[in-house]
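Written out below as structure tokens is the structure these notes cover.
The values are calculated or read from the model by the stated rules, or taken from the named source; none is laboratory data. The model shown is predicted, which means the values in this text are computed figures rather than measured ones. So basically every Cβ, Gly included, is an ideal-geometry build from the backbone, and we count neighbours across all protein chains shown.
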């Protein structure tokens, strides 16, 4: 395992030879000169080549939904009316992977944006970032290279829901970072009303690697069903907390040494609690089939001997507070569900009441936030059933609260 230290991302490491993080172990921050020595100039490919290559390596988006990138690219028109949007608004509190890329290897992100812009015959490129260190890193990187003159690096507002791609677009267009409903898709109506090819930072870095390496070299690592590598953020009782670049297909038990049936959160604050993580390979298709999508790339395991229910209650309260208030299931439903999660921690919870409320919220929100919060809470009720029974019998478990999931101080 290669170990790297990055001041703004914490511990950064890789299983095997780093690709996305190449050079970081030597220089920390890969500037333009080091980047060119490692990767050369960005390899600009035709749209047809890029579509074929993406399909061959089954390139999936790294922002949470794991949508096939080729399908998204194929839906885009070409020409100057089209825009490219790199979403660097990493609103997931537990994730550090995109900030790691932006602060350590910003030129790889820029290369990916330029490759996508060339394929779609446009020069309209925006990189949207809320983290100040990441913003400064991308601004500096863009100034280091003449081919980035057309790139606009802009600051966005912080916030969990505000980092969702439609919220980012609305914030840039109208100043209100709020999702515009499930029917408003960027490829038809995005930046300034333009059709917009939008994805997160890691997706664009993967595009740069794919075009630079070619299909055969890109596919030399990873799983046959999902070649390449991914960045994940590991928290708590794991092989090494921090950001890890890992070949796709790696058994999760390699990242989670010790007790095989301990509760693990996969996917972040819109993710899934499970006790079967050891049995799963790190591919998006396998994790989705197991009901635990990788989502924001977060894998968190509480330490033994801690109270996980207390942490579930704290995160649920925070999720409720992150509502943008544009629909009833979110504005009213999530606070009521947070009360239910706190009741479980207090030993007074009712599974029947919580499940009824979960079903009243599921699928009824104006954006994905209510569904994500419901997944986090409902999977906790199932996975932590034994803990709930102990709390009901004794009023508490007597263990110190788990504290591996980062939250604003006011939420704890």
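Numerical summary
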quantity: From 186, 224, residue being crowded, with 17+ Cβ neighbours inside 10 Å and either out of contact with any strand residue (DSSP E or B) (no Cβ under 8 Å at 6 or more places or on another chain) or in the same structural domain as residue 91 (by TED's automatic domain parsing) (or both); calculated: 186
quantity: Filter result for residue 192 (over 21 Å from residue 66 (Cα atoms), in contact with a strand residue (DSSP E or B) (Cβ under 6 Å, 6 or more places away or on another chain) and surrounded by fewer than 16 Cβ atoms within 10 Å (Cβ to Cβ)); calculated: no
quantity: Unmet criterion (only one of (1) in a loop (DSSP other than H, G, I, E, B); (2) crowded, with 22+ Cβ neighbours inside 10 Å; (3) on the phi < 0 side of the Ramachandran plot) for residue 64; calculated: (3)
quantity: Residue identified as over 26 Å from residue 294 (Cβ atoms) and in contact with a helix residue (DSSP H, G or I) (Cβ under 9 Å, 6 or more places away or on another chain) among 168, 161, 176; calculated: 176
quantity: Positions within region 135-148 being over 25 Å from residue 296 (Cβ atoms) and touching a helix residue (DSSP H, G or I) at 6+ places or on another chain (Cβ under 8 Å), in sequence order; calculated: 140, 142, 144, 145, 147, 148
quantity: Enumerated helices (runs of 4 or more DSSP H) restricted to region 304-412, each holding at least 1 residues that are farther than 24 Å from residue 90 by Cβ and touching a residue at least 60 places away in the same chain (Cβ under 8 Å); calculated: 308-321, 369-383, 385-394
quantity: Test: residue in region 50-64 that is farther than 20 Å from residue 248 by Cα and out of contact with any helix residue (DSSP H, G or I) (no Cβ under 9 Å at 6 or more places or on another chain); calculated: no
quantity: Those helices (runs of 4 or more DSSP H) lying entirely in region 84-177 with at least 2 residues in contact with a strand residue (DSSP E or B) (Cβ under 8 Å, 6 or more places away or on another chain), farther than 18 Å from residue 189 by Cα and touching a residue at least 40 places away in the same chain (Cβ under 8 Å); calculated: 97-104, 106-119, 132-143
